[in-house]
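Here is the structure we will look at, set down as structure tokens.
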Amino acid sequence: MTATQAERLDALEARLRHVEDQLAITQLVASYGPLVDAGDADGVAALWAEDGSYDVEGWQMNSREDVRAMVRSEGHQHLIAGGCTHFLGPASVRVDGDDAVAVCESVLVRHRDGGYSVRRAAANHFGLRREADGWRIAHRTTRALDGAAEARSLLS
Amino acid sequence: MTATQAERLDALEARLRHVEDQLAITQLVASYGPLVDAGDADGVAALWAEDGSYDVEGWQMNSREDVRAMVRSEGHQHLIAGGCTHFLGPASVRVDGDDAVAVCESVLVRHRDGGYSVRRAAANHFGLRREADGWRIAHRTTRALDGAAEARSLLS
Amino acid sequence: MTATQAERLDALEARLRHVEDQLAITQLVASYGPLVDAGDADGVAALWAEDGSYDVEGWQMNSREDVRAMVRSEGHQHLIAGGCTHFLGPASVRVDGDDAVAVCESVLVRHRDGGYSVRRAAANHFGLRREADGWRIAHRTTRALDGAAEARSLLS
């Protein structure tokens, strides 16, 4: 094998790893809505690092365990028992070595009185970290898109 | 070429095939909404296996031909003539050899009386199969997220 | 290295390039909503080719500069200052050499009077071109899904 061919193998491995990282992260973000609306507390929690955080509109979670508790909370159980979708759009991802940032918008649609309505639109910013067994959310911030500058600043 | 380099080629091919499978399936699911809202009966039908099924809220389709007939039906034609989007979120995909499962949420937005409103939020579960010329839907189940436990169970 | 192994490298490079192209384009489309709702005029403009066009409901932009001016316009700034999401679904992409087509649906959700509502559902058709430093939008057409046949024809 010539040096050139070894170099081609090296380059392919590096490029493929980058593609796999991007896909893994878009898939992780795509799985959040279905899991949280299913009420799958362990499945949602497993998306976060053990010490990962989730800051959403005055609710500050500081660990995987906190996230699990949020899914099991009376508030969330009431929401999904009535019917809802935490509908996240496709994530825009930037990978930098073992860290990554993902951004997407979301809408919360609720079922009530036989109909459906949009209850919130939000900006979502994810900081992710590569761990031994894959990518995990290190911190997530979600803010309502109600005109506040802070929410807009999460999207850029 | 040393054994190690042959092994690297083998590994690259296997990893790339997995990436291609994931992408093909997310693309297949992403194409459903645009095709069905365009009224492209053949395009929609081609997403299904010849014997594929689609079970949606009391409408049971058992073949590609049944899916084509659904798109051509008076009900669906009326819906798209008034203006609507079958808006599916990004699919969460798990590939296992020649089979795969994809899950996503969706909202149906209709145009009426000069405005738009959400008419339904739903859970979607796809079973897919690798055929000679690519991935096809073997069975799809869609249920309204109106609080019923069955819909939630499709998402996990 | 045998011819067969050289051929495997060639095939891997071609397949990986196709995957990278698909991902780059889905990522580009996924970044539009967050950037435009952040009011990031330069970020949005950079998605277009220098001479790229954007035709949306009677607003015809014919350059990257026109797109930048749209984001900075009083109309758009008013929209995002009140709170909104230009929520685009996952793009369905077809790559053909240095050209590509991407299609997706979108909804515009606005915040007003303390609540949220869907103001528009639309069909989006992107023509893209590979430039020296990556994919850019050569032309984009967006039409409201209000029942008009033109919008539906963009989706197929």
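The values are calculated or read from the model by the stated rules, or taken from the named source; none is laboratory data. Here the structure is a predicted model, which is why all the values come from computation and not from measurement. In this analysis, Cβ positions are derived from the backbone assuming ideal geometry, glycine residues included, and neighbour counts consider all displayed protein chains. Heads up: the accessible areas ignore ligands, DNA and RNA and are worked out on the full protein's heavy atoms, side chains in. Shrake-Rupley method; radii C 1.70, N 1.55, O 1.52, S 1.80 Å.
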* Can you name the residue in the stretch B:61-95 that is over 22 Å from C:Arg152 (Cα atoms) and assigned to a strand (DSSP E or B) and, of all such residues, is nearest to the other protein chains (Cβ to nearest Cβ)? -> B:Ser92
* Asked: Any residue in the stretch A:59-70 that is out of contact with any Lys or Arg (no Cβ under 7 Å at 6 or more places or on another chain), under 28 Å from B:Arg143 (Cα atoms) and touching a residue at least 60 places away in the same chain (Cβ under 8 Å)?
  -> no
* Asked: Restricting attention to the stretch A:50-70, does a residue exist that is small (Gly, Ala, Ser) and loosely packed, with under 14 Cβ neighbours inside 10 Å?
  -> yes
* Within the bounds of the stretch B:102-109, is there any residue that is of a type in the set (Ser, Thr, Tyr), in contact (Cβ under 8 Å) with a residue 60 or more places away in the chain, open to solvent by less than 50 Å² (accessible area, probe 1.4 Å) and within 13 Å of chain A (Cβ to nearest Cβ)? -> yes
* Residues satisfying the stated conditions in the stretch A:110-130, i.e. more than 9 Å from every other protein chain (Cβ to nearest Cβ) and over 23 Å from the mean Cα position of the chain (by Cα) -> A:Arg112, A:Asp113
* Can you tell me which residue within the stretch C:31-44, out of those that are more than 8 Å from every other protein chain (Cβ to nearest Cβ) and more than 11 Å from C:Ile80 (Cα to Cα), is most open to solvent (accessible area, probe 1.4 Å)? => C:Asp42
* Considering only the stretch B:139-156, state which residues are part of a loop (DSSP other than H, G, I, E, B) and not charged (D, E, K, R). => B:Leu145, B:Gly147, B:Ala148, B:Leu154, B:Leu155, B:Ser156
* **Residue in the stretch A:16-30 that is polar (S, T, N, Q), within 11 Å of another protein chain (Cβ to nearest Cβ) and either assigned to a strand (DSSP E or B) or without any contact (Cβ under 8 Å) to a residue 24 or more places away in the chain (or both) present** => yes
* To do: Could you check how many residues of the stretch A:1-25 are under 19 Å from A:Thr141 (Cβ atoms) and open to solvent by 30 Å² or more (accessible area, probe 1.4 Å)?
  => 0
* Asked: Can we say B:Leu79 is of a type in the set (A, V, I, L, M) and open to solvent by 10 Å² or more (accessible area, probe 1.4 Å)?
  -> yes
